[in-house]
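Below is one structure; the comments refer to it alone.
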Amino acid sequence: MAENKHDLKEQVRELIYNTCIHLDDHQWEHWHDNCADNFNYAIRAFSPEVQADIKYHGGDKEYMQSITSMLSKHNSDQSPLRRHCTVYRVEIAADGKSAAAISSLAVYQTQLDGINSHVDAGTTSVFLVGRYNDKFIIDGGSIKFEDREVRLDTRRLDKGTHWPI
Amino acid sequence: MSSRNHDQWNATPDLQQGEWVDSKIYSDEEIFEDELKKIWSKTWIPVCHESELKEAYSFRTMTVAREPVIVVRGKDMVVRAFLNVCPHRGNMIERRPSGNYKRGTPSGTPKTMTCMFHAWSFDMKGKCVNISRKAEGYQDRLNESQVGLRELKCEVYFGGFVWVSLNDDIGITVEEFAAGSLDVLAPSLNQEPLEVFHYHKAIIPCNYKLWHDTNCEFYHDYLHYHNRITGFNEAYFARKNSGFDGGHINVGSFEVQYDNYEGSHSREELSFPHLPPNHWYMIDMFPGVNFNLRGSALRCDLMTPLGPNSVMIEFRGLGLASDSKKDRQTRIDHHNSIWGPFGRNLHEDLLAVTGQGSSMHPMAESRKILHGRHENETIHDENGMRHYYEEWGKLLNRSPSNPDEKFKPYPAFKEQEAQRAAAAGK
């Protein structure tokens, strides 16, 4: 069982890292495929201004599929976002049917068309920092995201983005 | 003529007074300083909401016309505003964005605002209650009664928003200042206490008026797929854009077809008191405030101009304090889907004004920014911006279309048309 748990932890890590690549590269369908039907997504931050936990974005799997499918209809900042993620902790439930993970996250933005492309395109800056707090369902050989909370430290997002983090 | 050379580009547009402004008003340092002095330091500015100051001794800090301001709720539950400046050596007293003085601070006792520098303390009414080692240093030459905080005009008005003025001589209440522009939403916002459920801020490299312009005109719906698909019907284009004294406007309502947006649903399940389901009103107050009620969620934009080409915008979302957990979550989701930092519309609006800010720098060849659409004062009429800049011109005594010249009152549009026809010999 210990060896199995070790394998499962590795699989969870691999899923988190692969999902970073999918999200970086806008492979939204791959991301959705790795989410359970009851998946829930939220971006949150604590606001010391109003002393409250603020939900910035989120929804269930159907909602996230819907908004990613319509991105081409919206005017967006197309400056790429790249995730640097380190999985800090993976815990496998005693029954081996679920898991939770905490990952540190930094997202960098390389300007393309968000400001003045002639001057700014190619400039990289930190877009946000925070953590992924993930929960997973393990069913046989399959591991899927059940819940992802993107817990932000950064609260000044300026122009923001249309893309999930 | 198709494309234009320098002279043609700089020529006065063949439009009436008020139907264009010079881009210099969005980039000039001297004009910006003039605005802080003659507008932002003189008028009422909403700075936060009372739900951010729920308990006695709670506080919020902010900046108005570069002045650090603190708003506190006293033990008598009255909200008061002060300059956040210690009268001793000018240090900023409170550095945190919010908190509560029931607990002491490293330099101060509980229930006082204490400057950490030399531990001078003040009560919630701004009275100095402690000058450390007073007798040793000042003997009997100075006492607490001479060194109170600088109190500012403060009112809680319109659904619990906290309004502050740096101008002791303002002479009018917030209600008088609003000149009726808020009346359209007053029944919905005053029926019961509201509560802030969303806050985020953005610092955008553009002039504050460009953000206000965007809020004042709906012609930019072409920017928003969401608005086009859920609006753009006869009722939408019939919405009235009405001006009020003082440069304020409001925009009439219609029923938004939320379910036209793929994956979205009607929001008729949840609204505000006295607001028909799925309806949408907007108020734009001079010089830079926006109240935007879309059925289930109230949005409020408060601007802090930081420079000719920099503005901080604070975005708040509000619901009813009495909301059930389920209703509150619904309001949050509705709000975020459009107006959160990851929402469909806000990102698009901020991209557009960032582009304007990039184009309008002090050395730029003059741009004549057009505000000339007339559509019977309905949604794509640009009367809202014309109305704003008439007030702006009056207060600064500068012509918005040539800010180096003195302001001349705008004749009514019909009079302008008559003058134009007469000049053309018609």
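The values are calculated or read from the model by the stated rules, or taken from the named source; none is laboratory data. Just so you know, these numbers come straight off a predicted model, no measurement behind them. We place every Cβ from the backbone using ideal geometry, glycine too, and count neighbours over all the protein chains shown.
Taking (1) under 25 Å from residue B:336 (Cβ atoms); (2) free of Cβ contacts under 8 Å to residues at least 40 places away in the same chain in turn, residue B:201 satisfies each apart from (2).
Out of A:118, A:57, A:162, one residue alone is part of a strand (DSSP E or B) and of a type outside the set (Val, Ile, Thr). It is A:57. Residue A:100 falls short on exactly one of the conditions (1) in contact (Cβ under 8 Å) with a residue 60 or more places away in the chain; (2) in a strand (DSSP E or B); (3) out of contact with any Ser or Thr (no Cβ under 8 Å at 6 or more places or on another chain), and that condition is (1).
Could you check, for the stretch B:68-82, whether at least one of its residues is touching a Lys or Arg at 6+ places or on another chain (Cβ under 8 Å), under 18 Å from residue B:310 (Cβ atoms), in contact (Cβ under 8 Å) with a residue 24 or more places away in the chain and not aliphatic (A, V, I, L, M)? No; the residues of the stretch B:68-82 include none that is touching a Lys or Arg at 6+ places or on another chain (Cβ under 8 Å), under 18 Å from residue B:310 (Cβ atoms), in contact (Cβ under 8 Å) with a residue 24 or more places away in the chain and not aliphatic (A, V, I, L, M). The residues in the stretch B:29-86 that are in a loop (DSSP other than H, G, I, E, B), within 30 Å of residue B:364 (Cβ to Cβ), out of contact with any helix residue (DSSP H, G or I) (no Cβ under 9 Å at 6 or more places or on another chain) and not polar (S, T, N, Q) can be counted, and the count is 0.
Conditions (1) among the basic types (Lys, Arg); (2) within 14 Å of chain B (Cβ to nearest Cβ); (3) closer than 29 Å to residue B:347 by Cα, marked per residue:
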residue	(1), (2), (3)
A:34	no, no, yes
A:52	no, yes, yes
A:55	yes, yes, yes
A:73	yes, yes, yes
A:81	no, yes, yes
A:95	no, no, no
A:99	no, no, no
A:113	no, yes, yes
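Screening residue B:262 on (1) within 14 Å of chain A (Cβ to nearest Cβ); (2) closer than 22 Å to residue B:34 by Cβ shows it passes everything except condition (2). Screening the stretch A:57-71 for residues that are of a type in the set (A, V, I, L, M, F, W, C) and more than 9 Å from every other protein chain (Cβ to nearest Cβ) and picking the one that is farthest from residue A:158 (Cα to Cα) gives A:64. Of the residues that make up the stretch B:396-406, is at least one closer than 30 Å to residue B:316 by Cα and either charged (D, E, K, R) or surrounded by 22 or more Cβ atoms within 10 Å (Cβ to Cβ) (or both)? No, the stretch B:396-406 contains no residue that is closer than 30 Å to residue B:316 by Cα and either charged (D, E, K, R) or surrounded by 22 or more Cβ atoms within 10 Å (Cβ to Cβ) (or both). State whether the residues of the stretch B:265-279 include one that is at pLDDT 95 or above and within 14 Å of another protein chain (Cβ to nearest Cβ). No, the stretch B:265-279 contains no residue that is at pLDDT 95 or above and within 14 Å of another protein chain (Cβ to nearest Cβ). Just to be sure, is residue B:88 over 26 Å from residue B:287 (Cβ atoms) and in contact (Cβ under 8 Å) with a residue 24 or more places away in the chain? The answer is yes for residue B:88. The single condition among (1) under 22 Å from residue A:18 (Cα atoms); (2) acidic (Asp, Glu); (3) not in a strand (DSSP E or B) that residue A:77 does not meet is (1). Candidates are the residues of the stretch A:111-141 that are surrounded by fewer than 16 Cβ atoms within 10 Å (Cβ to Cβ) and of a type in the set (Val, Ile, Thr); the one that is nearest to residue A:41 (Cα to Cα) is A:129. Here the condition is being under 30 Å from residue A:44 (Cβ atoms), assigned by TED's automatic domain parsing to the domain that holds residue B:360 and aromatic (Phe, Trp, Tyr); of B:208, B:222, it holds for B:208 alone. Taken together, A:155, A:148 contain a single residue that is within 22 Å of residue A:66 (Cα to Cα), within 14 Å of chain B (Cβ to nearest Cβ) and of a type in the set (D, E, K, R), which is A:148.
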